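*Asks:* Quick one: structure below, then a few questions.
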Amino acid sequence: MVGDFVQFLPALAKGAGTTAILCIIAAVAGSLLGLVIGLMRSSSWAVVRWISAIFTNFLRGIPLLIILLFTYFALPLLIPGAIFSQMVSGAIGLTLFVSAYIGEVVRGSIESVPKGQFEAAEALGMNFAQKFRYVIMPQAMRVIVPPWVGIILAMIKDSSLVSVIGLVELTQAGKIVGTSTMEPLVAFVLVGAVYFVICYPLGHFGRWYEKRLKASGFNVPHQATATDILDEEPGPRVGGNQ
Amino acid sequence: MITVKDLHKSYGKLEVLKGISCEIDASQVVCVIGPSGSGKSTFLRCLNLLESITSGTVVINGHDLGDRKLNTSAVRQDVGMVFQQFNLFPHMKVLENIMIAPVKVAKKPKAVTREKALELLDKVGLASKADVYPSALSGGQQQRVAIARALAMDPTVMLFDEPTSALDPETVGDVLQVMKRLAEEGMTMVVVSHEMGFAREVADRVIFMDGGVIVEDGNPAEIFDNPKEARTQAFLSRVS
Amino acid sequence: MTWYLGDLIPYMPLLLQGLWISIYISVLSFVFGSVLGLFAYLAKASRWRVLRGISGAYIEVVRNVPLLVVLYLIYFGLTQFGVNLDPLWSTLIALTINNGAYVAEILRAGFEAVPKGLREAAHALGMNSAQTFRYAILVPGIRNVFPAMTNQFILLFLFSSVASVIALPELTNQLLRVNSETLRTFEVFTVGALLYYVVSSVLAIGSRLGEKRLFRW
């Protein structure tokens, strides 16, 4: 029985590899998009701020599964003749999903930088890009790590949903192996263990880093929640030229 | 150098500045005094556009701040500002703090800027601190670095927003010393301050503000020894 | 591609029925999960090492393994023991187990955040442990926990869509069915997204209003 199983290990390993690729793509792309979304929240143009707010608010108000079904089934219809592979659709869906959460964390970390830093940068004649590039983001980046890790951790788990659109990633591989071996219990315990081995140390790292930051007096923004979007009107940080 | 005509500033319904007019000449050192809430800091912040102007005109060194096509960055490069809370960039060493704006904003060559920055540090008496982070400095030292940072842009006007209010008493003297030397070198300075001794000794002119208007404007001896307005008298008797 | 909602109209009752099932399983597993979470929190804070260990392991495993894998374990995995649970029960159990671990963490964080001074002040007034908890800790603790709990409920509601994969006829499952019957893919998933969005927004706004009303101090 266990011997049977060994021959299926490569299939599970391949699935784990697919999950890894998917997650790396979505983590990189989602972080970049999230950075843009978060920075848009500091714009001096109200329209830009509202676009960012609506994007964030909407994506966080619907299930990831719906986003994935949409990017897989509906999105290709918008581009005549396009067929997206499951990997591409999954990566797009996951990227959009995490970018909304990362955008909120970026906004929170920008808000954690004292107002005087914005004013000092402006008083020296820096424009928007210079101000954020040299003064604000280096300071914001320090506190962004723990909530960012939290989001990536959740994303790794959530990536299992991409199996629903048929991508043979780790969870789907487990399902296939479970069916062919007639040992679904073993298969899913094994799959769960792989996720655990990746996520558990990541969570520990996040908490360790957060403690260290707090010990040195930083105000760490907590992970964005579904209701805190209502906390305040989006707006630029400085009462300058609005 | 600076011309202000009928400057108004409101936050919603709250009018903080109710028509300020004054002329400040080149090389003049002007101290703005007044009770808290009198609008003196807001007035100062309007001069480099940290606050937008509700109505009226402000012209600094040829820049009309009400002009729609105004290059905000150019004005700010021309007008140095020193804050009450220093606002040094905590993630940069002292020298980097001074060099960042000349190099990145004014696009000056690094080597030249570096020399200039070291000179300025020497001038404010902190030549040995070039390579430390701001957090390793006392408040007074940080404020002197902040002055050097502003001077590194070669401003024609320097604004000081209560530069000594957040300092421990024993470090105030060094900062005032640096400001005094700057005044003697002919810098145009507008200083919002509670340091009456400094105002009396260094300023060419003292403006007393209360309730969003200029109540009295004259040379220090007149204002301090012989104030004409009742509000000025009341304020001075409270602070001295 | 033309936008046409007409084909969907006959299916609206079906979709609303699916939405109702989504809400229903969310509420049930939130209630069960909160009770489970309360016990997990108490066990983790208890004096007995074994209890602390069990509770800690439960919380860590659930927080580091995908909900979908837990659902598959229950729905497919348990058949190896001859336990055949239907989709509804499998979903309720998976969501309850999932929610319990997060609720335990929310309770821990919320009650740890109650200022120490309150406990000390209560002791100084001569209150015993039970009185201290009842009068000094409980209400501030609930206030700390309230927003995180409502947020957790919204997340649970959104994640209940996972049940569609084991053919529970909740909203997402019905959307897939309507999609294959009408082939109005774009419209179907847009309407589906809006239904989820409306419910989660109403919950979010309701939570914020409730917080304001309940905790005026």
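The values are calculated or read from the model by the stated rules, or taken from the named source; none is laboratory data. Values in this document were obtained by computation on a predicted structure and should not be read as measured data. With ideal geometry, Cβ positions are generated from the backbone for all residues, glycine too; neighbour counts draw on all protein chains shown. Accessible surface is based on the protein model in full, side chains and every heavy atom, while ligands, DNA and RNA are left aside. Shrake-Rupley method; radii C 1.70, N 1.55, O 1.52, S 1.80 Å.
*Asks:* Any residue at all in region B:181-198 that's among the aromatic types (F, W, Y) and not in a strand (DSSP E or B)?
*Replies:* From region B:181-198, those among the aromatic types (F, W, Y) are B:198; that's our starting set.
If we keep only those that are not in a strand (DSSP E or B) as well, we get B:198.
The answer is yes; a qualifying residue exists.
*Asks:* Can you confirm whether region A:132-153 contains a residue that is at the interface with chain C (Cβ under 8 Å from one of its Cβ atoms) and among the basic types (K, R)?
*Replies:* No, region A:132-153 contains no residue that is at the interface with chain C (Cβ under 8 Å from one of its Cβ atoms) and among the basic types (K, R).
*Asks:* Testing C:I9 on (1) free of Cβ contacts under 8 Å to residues at least 60 places away in the same chain; (2) closer than 19 Å to C:S200 by Cα; (3) of a type in the set (A, V, I, L, M), one condition comes back false. Which one is that?
*Replies:* Looking at each condition in turn, C:I9 falls short on (2).
*Asks:* Would you check if B:V59 is more than 14 Å from chain A (Cβ to nearest Cβ), under 21 Å from B:R76 (Cβ atoms) and in contact with a helix residue (DSSP H, G or I) (Cβ under 6 Å, 6 or more places away or on another chain)? Can you show your working first?
*Replies:* Values: more than 14 Å from chain A (Cβ to nearest Cβ): yes; under 21 Å from B:R76 (Cβ atoms): yes; in contact with a helix residue (DSSP H, G or I) (Cβ under 6 Å, 6 or more places away or on another chain): no.
It is false that B:V59 is more than 14 Å from chain A (Cβ to nearest Cβ), under 21 Å from B:R76 (Cβ atoms) and in contact with a helix residue (DSSP H, G or I) (Cβ under 6 Å, 6 or more places away or on another chain).
*Asks:* Now, a different point. Among the residues of region B:21-44, write down those that are charged (D, E, K, R) and open to solvent by less than 30 Å² (accessible area, probe 1.4 Å). First the steps, then the outcome.
*Replies:* Keep residues of region B:21-44 that are charged (D, E, K, R), which gives B:23, B:25, B:40.
Answer for region B:21-44, where residues must be charged (D, E, K, R) and open to solvent by less than 30 Å² (accessible area, probe 1.4 Å): just B:K40.
*Asks:* Further, regarding this structure: Restricting to region A:31-62, what's the tally of residues that are within 14 Å of chain C (Cβ to nearest Cβ), under 15 Å from A:V105 (Cα atoms) and either assigned to a loop (DSSP other than H, G, I, E, B) or open to solvent by 40 Å² or more (accessible area, probe 1.4 Å) (or both)? Give the steps one after another, and end with the answer.
*Replies:* Residues of region A:31-62 that are within 14 Å of chain C (Cβ to nearest Cβ), as a first pass: A:53-62.
Subsequent filtering for residues that are under 15 Å from A:V105 (Cα atoms) retains A:53, A:55-57, A:59-60.
Still in the running and either assigned to a loop (DSSP other than H, G, I, E, B) or open to solvent by 40 Å² or more (accessible area, probe 1.4 Å) (or both): A:55, A:57, A:60.
Matching residues across region A:31-62 total 3.
*Asks:* Being facing another protein chain (nearest Cβ under 10 Å), of a type in the set (A, V, I, L, M) and either more than 17 Å from the chain's Cα centre (by Cα) or over 22 Å from C:V188 (Cβ atoms) (or both) narrows it down to one residue among A:A123, A:A91; which is it? Step through it out loud before you land on a result.
*Replies:* Details: A:A91 fails: facing another protein chain (nearest Cβ under 10 Å).
After applying the criteria, what remains is A:A123.
*Asks:* Another question, then. In this structure, does A:G116 turn out to be in a helix (DSSP H, G or I), more than 27 Å from A:T19 (Cα to Cα) and more than 11 Å from every other protein chain (Cβ to nearest Cβ)? It would help to see each step written out before you state the result.
*Replies:* On the way: in a helix (DSSP H, G or I): yes; more than 27 Å from A:T19 (Cα to Cα): yes; more than 11 Å from every other protein chain (Cβ to nearest Cβ): no.
The answer is no for A:G116.
*Asks:* Moving on. Taking the condition under 25 Å from B:S73 (Cβ atoms) and buried (at least 23 other Cβ atoms within 10 Å of the Cβ), does A:A120 pass? Even if it seems obvious, please write down each step before you answer.
*Replies:* Values: under 25 Å from B:S73 (Cβ atoms): yes; buried (at least 23 other Cβ atoms within 10 Å of the Cβ): yes.
For A:A120, the condition - under 25 Å from B:S73 (Cβ atoms) and buried (at least 23 other Cβ atoms within 10 Å of the Cβ) - is met.
*Asks:* Please state which one of A:G103, A:G81 is surrounded by 18 or more Cβ atoms within 10 Å (Cβ to Cβ) and away from chain B (no Cβ under 14 Å). Walk me through it before giving the result.
*Replies:* Working: A:G81 fails: surrounded by 18 or more Cβ atoms within 10 Å (Cβ to Cβ).
It is A:G103.
*Asks:* When the residues of region C:189-204 are narrowed to those that are more than 17 Å from the chain's Cα centre (by Cα) and within 8 Å of another protein chain (Cβ to nearest Cβ), which ends up most open to solvent (accessible area, probe 1.4 Å)?
*Replies:* First, pick out the residues of region C:189-204 that are more than 17 Å from the chain's Cα centre (by Cα): C:189-195, C:198.
Next, only the ones that are within 8 Å of another protein chain (Cβ to nearest Cβ) stay: C:189-190, C:192-193.
On the way: C:F189: 0, C:T190: 36, C:G192: 0, C:A193: 9 Å².
If we take residues in region C:189-204 being more than 17 Å from the chain's Cα centre (by Cα) and within 8 Å of another protein chain (Cβ to nearest Cβ), then C:T190 is most open to solvent (accessible area, probe 1.4 Å).
*Asks:* Also, quick follow-up: Take the residues in region A:175-213 that are polar (S, T, N, Q) and more than 9 Å from chain C (Cβ to nearest Cβ); name whichever of them is least open to solvent (accessible area, probe 1.4 Å). Don't jump to the end; show me each part of the working.
*Replies:* Taking region A:175-213 and keeping what is polar (S, T, N, Q), we get A:179-181.
Then drop every residue that is not more than 9 Å from chain C (Cβ to nearest Cβ), which leaves A:180-181.
Details: A:S180: 69, A:T181: 20 Å².
So, considering only residues that are polar (S, T, N, Q) and more than 9 Å from chain C (Cβ to nearest Cβ), the one least open to solvent (accessible area, probe 1.4 Å) is A:T181.
*Asks:* Same structure again: Can we say A:I21 is at pLDDT 95 or above, more than 26 Å from C:L155 (Cβ to Cβ) and either within 14 Å of chain C (Cβ to nearest Cβ) or assigned to a helix (DSSP H, G or I) (or both)? Spell out the reasoning first.
*Replies:* Numbers: at pLDDT 95 or above: yes; more than 26 Å from C:L155 (Cβ to Cβ): yes; either within 14 Å of chain C (Cβ to nearest Cβ) or assigned to a helix (DSSP H, G or I) (or both): yes.
So A:I21 fits the description; yes.
*Asks:* Okay, moving on. Considering B:D154, B:D225, which residue is open to solvent by 40 Å² or more (accessible area, probe 1.4 Å), among the acidic types (D, E) and on the phi > 0 side of the Ramachandran plot?
*Replies:* Working: B:D225 fails: on the phi > 0 side of the Ramachandran plot.
Answer to the selection: B:D154.
*Asks:* OK, next. Given the conditions (1) in contact with a Lys or Arg (Cβ under 9 Å, 6 or more places away or on another chain); (2) touching a residue at least 60 places away in the same chain (Cβ under 8 Å); (3) crowded, with 22+ Cβ neighbours inside 10 Å, and given that A:E111 satisfies all but one, which numbered condition is not satisfied?
*Replies:* Status for A:E111: all satisfied but (3).
*Asks:* So, one more: Go through region C:166-179 residue by residue and tally those that are more than 17 Å from A:L64 (Cβ to Cβ) and facing another protein chain (nearest Cβ under 10 Å).
*Replies:* 1
The rows are residues; the columns are (1) in a helix (DSSP H, G or I); (2) more than 13 Å from every other protein chain (Cβ to nearest Cβ); (3) within 25 Å of the chain's Cα centre (by Cα); (4) closer than 22 Å to C:L92 by Cβ.
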{"site": "C:I142", "(1), (2), (3), (4)": "yes, yes, yes, no"}
{"site": "C:M149", "(1), (2), (3), (4)": "yes, no, yes, yes"}
{"site": "C:F153", "(1), (2), (3), (4)": "yes, no, yes, yes"}
{"site": "C:L156", "(1), (2), (3), (4)": "yes, no, yes, yes"}
{"site": "C:S161", "(1), (2), (3), (4)": "yes, no, yes, yes"}
{"site": "C:E181", "(1), (2), (3), (4)": "yes, yes, no, no"}
{"site": "C:S207", "(1), (2), (3), (4)": "yes, no, yes, no"}
{"site": "C:G210", "(1), (2), (3), (4)": "yes, no, yes, no"}
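*Asks:* What number of residues within region C:50-109 satisfy the criterion of being buried (at least 16 other Cβ atoms within 10 Å of the Cβ), aromatic (F, W, Y) and either within 10 Å of another protein chain (Cβ to nearest Cβ) or at positive phi (or both)? Before you say what the answer is, go through the steps one by one.
*Replies:* First pass over region C:50-109, keeping only residues buried (at least 16 other Cβ atoms within 10 Å of the Cβ): C:51, C:55, C:58-78, C:85, C:87-88, C:90-108.
After this cut, where a residue has to be aromatic (F, W, Y) as well, the list is C:58, C:72, C:75-76, C:102.
If we keep only those that are either within 10 Å of another protein chain (Cβ to nearest Cβ) or at positive phi (or both) as well, we get C:72, C:75-76.
Number satisfying all stated conditions: 3.
*Asks:* Another question about this same structure. Just give me the residues in region C:160-188 being touching a Ser or Thr at 6+ places or on another chain (Cβ under 6 Å) and open to solvent by 30 Å² or more (accessible area, probe 1.4 Å), in sequence order.
*Replies:* C:N173
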